[in-house]
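Chemist: First the structure, which I've put down as structure tokens, then a few questions once you've had a look.
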Amino acid sequence: MTSSKKEEAHAFLSKFERLLAEQLPAAGEMESWIRRTVRETKGEHARRHLHGPEGAFLNGFVLPALAVAVRADPSCSTDVKVRWALLNEYHPSMPEISSHTPARTVKHPFTKILGANAREIYTRWVDEKNSSSLVQSCPDFALREPFPHKIVFEGKYFANGSSQYAQRSLVENLYQAFFYRGLPFVPETVRGRAAWDYDYACLLAYDASQTGSLRHAWEDLPVRVRHGFWTGANIYVMILGGQGRSKAT
């Protein structure tokens, strides 16, 4: 991975963040839409990708916008290439923009839970009857070739919470993005299941809280720390919505 490729990936994510910031409703409107959508689609199998707040946000707003952004790149100038490049957990419900799952095909002994109890982990590992001894990682969505930037996304919808809860959520969500980015390479299968092969991770979260507590938690970090997520860990942080204070980055 060259520095120019990393700069290009950052430029793409920055442009996509600006696009979402322009298109997404304000926090109050978003929360109303989310609640209505979840209520109206309850029990509908064809729209199961909209059943929960996070799924409604990601599949109702983010994934369609991402498909447009991907199609604008010369490498993905056709619908077929976009569908191949965009991996989506709910691809059966959104076949027009995605065709495969981002789930990792090889299981492993670790979880993305931050601060898990070491004794409980060992107990899980040693129990031969425990089906969760090995874990299959399944991020929300991802980008693969032919798109030039291989990015795994951790999407979140933050409805409300105190500043302390938001700070804890931010740490946990960032760790999950770091966890996905750090898992080793797994090749593509003969049946077309995607390789696990990502250069970057992106935490994409929407803060629908009245106080903007999640966005505050991010913006209150020192600039050098915020920059360090990208420069030192290849993690792009995108906190949308909220009532966050403007702060130079």
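The values are calculated or read from the model by the stated rules, or taken from the named source; none is laboratory data. Every value quoted in this text rests on a predicted model; they were computed, and no experiment measured them. Note that we place each Cβ from the backbone using ideal geometry, even for glycine, and neighbour counts take in every protein chain shown.
Chemist: When the stretch 15-30 is examined, which residues are found to be closer than 17 Å to Arg215 by Cβ and either at pLDDT 95 or above or surrounded by fewer than 21 Cβ atoms within 10 Å (Cβ to Cβ) (or both)?
Modeler: Pass one, the stretch 15-30, residues closer than 17 Å to Arg215 by Cβ: 17-18, 20-22, 24-30.
Result: Glu17, Arg18, Leu20, Ala21, Glu22, Leu24, Pro25, Ala26, Gly28, Glu29.
Okay, residues lined up against (1) closer than 23 Å to Gln23 by Cα; (2) modelled with pLDDT of 95 or more; (3) of a type in the set (Lys, Arg); (4) touching a strand residue (DSSP E or B) at 6+ places or on another chain (Cβ under 9 Å):
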{"site": "Ala72", "(1), (2), (3), (4)": "yes, yes, no, no"}
{"site": "Val80", "(1), (2), (3), (4)": "no, yes, no, no"}
{"site": "Tyr90", "(1), (2), (3), (4)": "yes, no, no, yes"}
{"site": "Glu128", "(1), (2), (3), (4)": "no, no, no, no"}
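Chemist: Six or more apart or on different chains, Cβ atoms under 8 Å: show the pairs whose first residue is in the stretch 111-138 and at positive phi and whose second is surrounded by 13 or more Cβ atoms within 10 Å (Cβ to Cβ) and assigned to a helix (DSSP H, G or I).
Modeler: If the second residue must be surrounded by 13 or more Cβ atoms within 10 Å (Cβ to Cβ) and assigned to a helix (DSSP H, G or I), no pairs are left.
Chemist: Give the residue that is farthest from the chain's Cα centre (by Cα), with candidates limited to residues of the stretch 137-162 that are modelled with pLDDT of 95 or more and more than 30 Å from Ser75 (Cα to Cα).
Modeler: The qualifying residue farthest from the chain's Cα centre (by Cα) is Phe158.
To keep it simple, each residue is scored yes or no on (1) surrounded by fewer than 20 Cβ atoms within 10 Å (Cβ to Cβ); (2) assigned to a strand (DSSP E or B).
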position	(1), (2)
Pro139	no, no
Ala142	no, yes
Gln164	yes, no
Tyr180	no, no
Pro184	yes, no
Tyr198	no, no
Arg226	yes, no
Gly232	yes, no
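Chemist: Report yes if some residue within the stretch 8-17 is closer than 19 Å to Asn160 by Cα and of a type in the set (Ser, Thr, Tyr); otherwise report no. Explain how you work it out, then say what you get.
Modeler: So in the stretch 8-17, the residues closer than 19 Å to Asn160 by Cα come out as none.
Checked against the condition, which is being closer than 19 Å to Asn160 by Cα and of a type in the set (Ser, Thr, Tyr), the stretch 8-17 yields no hits at all.
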